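Inspection log for the structure reproduced underneath, given as structure tokens.
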Amino acid sequence: MRIFLKIIIFIYVIAIFNISQLLAQNKIKIGLLVPVTGEHKEIGKSIIKSIRLAVNKIDNSLIEIIPKDTQSKPEITLRGAKELYAEGIRIIIGPVFNKNLIYLDELSEIIFLSLTNKIINNPKNIISSGINAESQLRTILEFQKLNGLKKTVILIPKENYKEEIEKGIKDSGVKNKKVFYYDSDPTKLTKQIEKLTKYAQRKQNVKDEIKRLKNSNESNKYKKIEQLKKIDTIGNVSFDSIIISDFDENLKSITTSLLYTDVSPKNIYFITLNQWFDKSLLTEKSSQPIYFPSINKENYDEFVENYYEIYNEYPNQLSFLSYDLFGLVYYLIAKNNFIIDQKMFLKKNMFKGKIGIFEINNNKIKHVLNFYKIEDGSFRKIF
């Protein structure tokens with residue numbers, strides 16, 4: 001009897017061992033390339049925490065996330081990717097920054113879901129998942145149609161992401177009367193905005209009208225002259241809307257220059273790119289209303305609240321994107337019968353995440369965004 005029990009126990013132990021091995025072999029491994037040390041370590045750590053939230057939400061024990069540190073360096077990124085490849089991983093979320101993509105074409109069998117929004121000159125195995133210029137300009141196009149805007153000027157900085165915006169304009173079909181390139185240097189910027197808005201001529205129009213009235217026989221000319229002395233310009237600008245492809249202090253410098261040249265958001269639509277709900281813009285009341293495409297604010301606020309409740313700190317914006325990316329990867333793997341291969345991102349697909357809708361096709365991701373305005377010191381959803 002004892003021998004029989006020993007045999008039963010032995011068979012049970014072997015069975016458990018074999019099942020554990022089988023489960024280990026069948027685990028779906030997803031790599032994660034983020035900076036855990038170095039200059040951008042806080043970004044990386046926040047992304048890891050948001051991925052954990054997403055993993056817990058899905059609650060599938062077969063999913064395993066394996067992170068590697070990039071230190072935000074291309075060589076270290078490649079080394080980490082090779083280590084993940086050696087572990088049998090064929091899909092990786094990351095890297096975070098565009099500069100770290102340069103050597104990854106060596107690993108053509110791996111799909112990299114980079115968090116960058118830059119799409120030009122990336123290796124073929126890189127899928128940029130950030131909110132790129134085309135997605136933003138497509139949303140602006142919808143706003144143009146809603147408001148009958150046909151004379152839009154697009155401002156593009158000479159120094160940064162010029163080519164990305166140009167490609168976005170071409171691919172999105174956004175309407176524009178003119179593309180105007182400017183220097184971010186404030187000493188040059190104001191003069192350039194003056195030229196764009198024909199400020200000198202419009203200012204001269206006031207002087208000319210005062211002179212005409214002085215030489216006229218109009219009965220109430222002195223009253224009109226006093227009124228003219230209170231205004232800066234006469235005459236309209238040649239555009240009905242302006243898209244400012246900039247952020248932070250550069251954006252504020254441009255709106256200030258527009259106001260200086262007597263171009264008001266009360267008369268001309270001020271539109272910009274995704275500002276991630278920058279609260280410092282709420283106090284810029286002279287530049288309001290200002291419009292921009294963006295992620296779903298309601299979902300973003302909910303994510304920030306949940307993240308803070310668990311980790312007692314606030315996430316960065318890329319954490320929100322990475323949360324959705326894990327959901328997207330899981331969704332596509334499930335649709336592909338839990339097989340990871342190159343076809344996953346070739347097929348036309350849609351995924352509704354917290355950010356908004358992801359459109360997947362031909363190894364590219366585009367975002368269907370919402371549209372907001374800042375007015376009277378608050379964010380308001382347009383669509």
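Details
- Qualifying position, being assigned by TED's automatic domain parsing to the domain that holds L325 and in a helix (DSSP H, G or I), among K57, K68: K57
- Residue in the stretch 51-65 that is at pLDDT 95 or above and among the hydroxyl-bearing types (S, T, Y) present: no
- Hits in the stretch 286-331 - residues which are small (G, A, S) and under 22 Å from V34 (Cα atoms): S319, S322, G327
- Residue within the stretch 237-246 that is touching a strand residue (DSSP E or B) at 6+ places or on another chain (Cβ under 6 Å), under 20 Å from P293 (Cβ atoms) and among the hydroxyl-bearing types (S, T, Y) present: yes
- Only one of I355, I340, I271, I360 that is touching a helix residue (DSSP H, G or I) at 6+ places or on another chain (Cβ under 7 Å), of a type in the set (V, I, T) and closer than 30 Å to A200 by Cα: I271
- So D341, is it over 23 Å from N296 (Cα atoms) and either modelled with pLDDT under 95 or in the same structural domain as K41 (by TED's automatic domain parsing) (or both): yes
- A count restricted to the stretch 122-167 and to residues that are among the aliphatic types (A, V, I, L, M) and touching a His at 6+ places or on another chain (Cβ under 8 Å) stands at 1.
- Meeting the requirement of 1 or more residues that are surrounded by fewer than 13 Cβ atoms within 10 Å (Cβ to Cβ), the strands (runs of 3 or more DSSP E) wholly within the stretch 264-352 are 349-352.
- Members of the stretch 174-221 that are free of Cβ contacts under 8 Å to residues at least 40 places away in the same chain and under 25 Å from the mean Cα position of the chain (by Cα): K175, V179, F180, Y181, D183, D185
- Restricting K162, K150, K145, K167 to those that are within 16 Å of D246 (Cβ to Cβ) and of a type in the set (K, R) reduces the list to K162.
- Among the residues of the stretch 104-153, the one identified as under 15 Å from the mean Cα position of the chain (by Cα), part of a helix (DSSP H, G or I) and either surrounded by fewer than 23 Cβ atoms within 10 Å (Cβ to Cβ) or at positive phi (or both) is R138.
- Annotation for the stretch 224-233: no member residue is closer than 17 Å to I271 by Cβ and touching a helix residue (DSSP H, G or I) at 6+ places or on another chain (Cβ under 9 Å).
- Only one of the listed residues (L155, L196) is of a type in the set (A, V, I, L, M) and more than 17 Å from D262 (Cα to Cα). That residue is L155.
- Matching residues, the stretch 90-100, being buried (at least 23 other Cβ atoms within 10 Å of the Cβ) and either assigned to a helix (DSSP H, G or I) or β-branched (V, I, T) (or both): I92, I93, V96, N100
The values are calculated or read from the model by the stated rules, or taken from the named source; none is laboratory data. Here the structure is a predicted model, which means the values were calculated and not measured. Cβ atoms come from the backbone with ideal geometry, glycine included; neighbour counts cover every protein chain shown.
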